[in-house]
Amino acid sequence: MKRPISVLIIEDDPNIVDLIQLYIEKTGFSSIVAYDGEEGLDKYYNESPDCIILDIMLPKLDGMEVCQTIRQEDKQIPIIMLTGKGESYDIISGLDIGADDYIIKPFDPNVLMARVKSVLRRTVLSDMEKDNLHFANIVINMKEYRVSINGEEVTMAPREMEVFYYLAMNPNQVITRQQLLDNIWGYDYDGDPRTVDVHMKRIRDKLAKHHAAWSVVTVRGVGYRFEEKQDV
């Protein structure tokens, strides 16, 4: 069994670390944490992460130095830099020394996770997408068109499976009906767009029946979102 995708967070603010960890783990990835630049390099060498979220302003060794050192060793690992300044100089400098992307504090954690998945697609995620997705008690195996909840296999028609998989590939993000039609049915589809609603109802019913920890919610007037159920 393959290990989950791991993300190394190098950030000295514990509150920001906790927030990022929460969203990383909701996405099904694992997290590794370092609170200064030197510890960050140690964790990079010893833990072999798949992606790095790197703050610029760090104790002991700043983010620019950490990024430069890692890039001398590894040209491929995705690095997303966090900056509280938002000044063009910092952004340009970070990109010049090898960062793949940057995000300015304060940030929306959903946007950060979208950036993480985007940079991972050119490395490990493109392969992992063909394998299993894990969300609490849900396992989605698109390669075999199988879904299990609490270890029990759930029967889904192929189109339902494709819709569900597309939503699960974009957790906590709103997906419009048109996006689903374009990406699942194809850009030339000229049938009834309400077919999406029918498939969505079937998926919801199956998730509810098997007590899935995640659900598909309707964002009225916008689309649908695959999200973890909130404690009541």
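In the chain, the longest principal axis of the Cα atoms and the axis of helix 37-47 are about 50 degrees apart. Using a cut-off of 28 Å between Cα atoms, the listed pairs K143/K209; K43/K229; K75/K143; K201/K229; K26/K209; K60/K105 include K43/K229; K75/K143 as exceeding that distance. Per residue, the range 1-117 exposes 47 Å² of solvent-accessible protein surface, assessed with a 1.4 angstrom probe and all protein chains in place. Largest mean-square fluctuation among K75, K201, K43, in a Gaussian network model of the chain whose springs join Cα atoms under 10 Å apart, belongs to K75.
Please report the carbon-and-sulfur percent of the accessible area for the chain; probe 1.4 Å, protein heavy atoms only, DNA, RNA and ligands left out.
Ligands and nucleic acids excluded, carbon and sulfur give 48 percent.
Counted without the sites themselves, the longest stretch of the chain free of GluC sites (Glu not before Pro) in a DSSP loop having at most 11 other beta carbon atoms within 10 Å is 145-232.
Before anything else, pin down the relative contact order of the chain: Cα pairs under 8 Å, at least 6 apart, normalised by residue count, whole percent. Computed value for the chain: 13 percent relative contact order.
Between R177, R146, R220, where does the largest GNM mean-square fluctuation fall for the chain, given springs only between Cα atoms within less than 10 Å? Among R177, R146, R220, the largest GNM mean-square fluctuation belongs to R220. Helix 195-209 and the long axis of the chain differ in direction by around 80°, with both axes built from C-alpha atoms.
With the simple model of a label 7 Å out from the Cα in the direction of the Cβ, F107 to A157 spans 4.1 nm.
The values are calculated or read from the model by the stated rules, or taken from the named source; none is laboratory data. A quick note: this is a predicted structure, and the numbers were derived from the prediction, not measured. Cβ coordinates were reconstructed from backbone atoms using ideal geometry, including for glycine residues, and neighbour counts include every protein chain displayed. These area figures cover heavy atoms from the full protein model, side chains too; ligands, DNA and RNA do not enter into them. Shrake-Rupley method; radii C 1.70, N 1.55, O 1.52, S 1.80 Å.
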